[in-house]
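Here the structure comes first, spelled out in structure tokens, and everything after it is commentary.
The values are calculated or read from the model by the stated rules, or taken from the named source; none is laboratory data. Everything quoted here is computed from the prediction, not taken from an experiment. Cβ: placed from backbone, ideal geometry, glycine included. Neighbour counts: every protein chain shown. Heads up: the accessible areas ignore ligands, DNA and RNA and are worked out on the full protein's heavy atoms, side chains in. Shrake-Rupley method; radii C 1.70, N 1.55, O 1.52, S 1.80 Å.
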Amino acid sequence: MQTPEAFLQRLQDRLDPVDSQGSLPVRGDGDLNGAPAPTGRALRSAAVIAPLLLHDGPPRFLFTERAAHLSQHAGQVSFPGGRVDPTDLTPADAAVRELHEEVGIDPLYVDMIGRFDSYETVTGYEVQPFVGIVRPGYRLSIDPNEVALTFEAPVDFLMNPVNHERHSRTWQGRERHFYAMPWNGHYIWGATAGMLKSLYDRLYG
């Protein structure tokens with residue numbers, strides 16, 4: 001089992017600085033479908049945060065399950081995040097803002113550690129992923145307009161390649177392949193699982 005101290009040190013050693021300029025996506029939904037990243041499409045900018053919990057037990061990430069009534073990605077598991085708005089000074093600011101808006105975690109409790117490879121989604125976003133520690137004392141206040149629930153999944157499970165499954169389903173008339181990491185009744189898949197695989201490769205590849 002990985003200790004919080006050891007995992008934090010690995011993140012600090014392997015991630016890019018939070019304020020570094022993000023490169024073009026090198027990962028994406030096309031990874032298992034023969035599509036290169038970047039594809040050359042015009043992409044909208046988005047940012048997510050992988051909220052890392054190091055207190056009260058082993059290291060684990062916090063996830064959201066999107067509300068069932070949403071028109072896009074309803075019910076899917078994701079990291080907190082969304083579009084980078086013109087009012088956001090940086091993508092990291094956008095990720096922290098979305099964390100606050102979606103689940104109520106005050107930015108005062110978030111220590112950003114770094115960023116990893118940008119990810120191109122099939123829906124036309126360039127997602128810039130960050131990792132940030134959420135310190136004890138925070139309170140969750142879920143926005144029901146966006147989020148149905150939150151849950152935590154252990155780093156030891158998510159960073160174990162045995163659990164990086166490959167699944168497929170038909171989308172827009174063609175079979176698409178993707179990573180999936182089912183855990184404790186929660187189906188972590190698609191872009192979120194792809195970013196976790198990217199993080200694993202960055203830390204242990």
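Taking a sphere under 12 Å around the Cβ of PRO80 and counting the other residues whose Cβ falls inside, with K and R at +1 and D and E at -1, yields a net charge of -4.
Per residue, what volume in Å³ does the Cα convex hull of region 1-55 take up?
Cα-based convex hull of region 1-55, divided per residue, equals 135 Å³.
If the chain linking GLN172 and LEU32 were pulled fully straight, counting 0.36 nm for each residue of separation and taking away their Cα-Cα distance, it would gain 48.8 nm.
A simple count of charges around PRO91, restricted to other residues whose Cβ falls under 11 Å of its Cβ and scoring Lys, Arg +1 and Asp, Glu -1, yields -3. Atom-type composition of the exposed protein surface of the chain places 50 percent of the accessible area on carbon and sulfur (1.4 angstrom probe).
Per residue, the accessible area of region 1-108 comes to 52 Å², computed with a 1.4 Å probe over protein heavy atoms only.
Note on region 144-198: dipole from Cβ charges, positive end direction compared against PRO161, TYR187, GLY173; the farthest Cα belongs to GLY173.
Stokes-Einstein diffusion for region 160-205 at 20 °C, viscosity 1.002 mPa s, with a Kirkwood radius from C-alpha pairs, works out to 191 µm²/s. Mean residue ellipticity, 222 nm, helices only, the chain: the sum of -39500 (n - 2.57) across DSSP H runs of n ≥ 4, divided by residue count and rounded to 500, is -6500 deg cm²/dmol.
The mean of 1/r over all distinct Cα pairs in the chain, once inverted, gives the Kirkwood hydrodynamic radius of 17.1 Å. What you get for region 1-83, charging only the Cβ of Lys and Arg (+1) and of Asp and Glu (-1), is a dipole of about 300 debye around the Cα centre.
Which values, in whole Å and largest first, are the semi-axes of the equivalent ellipsoid of region 54-166 obtained as the square root of 5 times each eigenvalue of the Cα gyration tensor?
Ellipsoid semi-axes (Å, largest first): 20, 19, 17.
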